[in-house]
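**Student:** Before I ask anything, let me first share the structure, which is written out below as structure tokens.
The values are calculated or read from the model by the stated rules, or taken from the named source; none is laboratory data. Here the structure is a predicted model, which is why all the values come from computation and not from measurement. Here the Cβ positions follow ideal geometry from the backbone for every residue, glycine too, while neighbour counts run over all protein chains shown.
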Amino acid sequence: VDEGVDTGPVVAQAAVPVEQDDDEASLHARIQGVEQPLYVEAIGRLAREGWTVSGRTVRIG
């Protein structure tokens with residue numbers, strides 16, 4: 001976390017497809033379906049393996 005909004009280094013990420021017929025609600029639901037397990041996985045790895053930050057790079061383990 002830093003002073004900005006969405007300006008810190010990326011710790012984990014996943015791709016989410018955007019479908020032709022998506023609206024805000026359907027895309028939001030799809031993102032949440034991916035982000036919630038990703039948070040659990042990333043926080044678990046950070047807790048188990050530790051991390052270092054160098055500039056905008058996060059190294060786990």
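**Student:** Within the range 41-55, identify whether any single residue is touching a Gly at 6+ places or on another chain (Cβ under 8 Å) and acidic (Asp, Glu), and answer yes or no.
**Tutor:** Yes, some residue in the range 41-55 is touching a Gly at 6+ places or on another chain (Cβ under 8 Å) and acidic (Asp, Glu).
**Student:** Taking the stated definitions as given, is Glu49 more than 14 Å from the chain's Cα centre (by Cα) and among the acidic types (Asp, Glu)?
**Tutor:** yes
**Student:** Turning to a different aspect of this structure: Out of Gly8, Gly55, Gly44, report the one residue that is loosely packed, with under 11 Cβ neighbours inside 10 Å and modelled with pLDDT under 95.
**Tutor:** Of Gly8, Gly55, Gly44, the one residue that is loosely packed, with under 11 Cβ neighbours inside 10 Å and modelled with pLDDT under 95 is Gly55.
**Student:** Considering only residues that are part of a helix (DSSP H, G or I) and among the acidic types (Asp, Glu), look in the range 11-40 and name the one that is surrounded by the most Cβ atoms within 10 Å (Cβ to Cβ).
**Tutor:** Glu35
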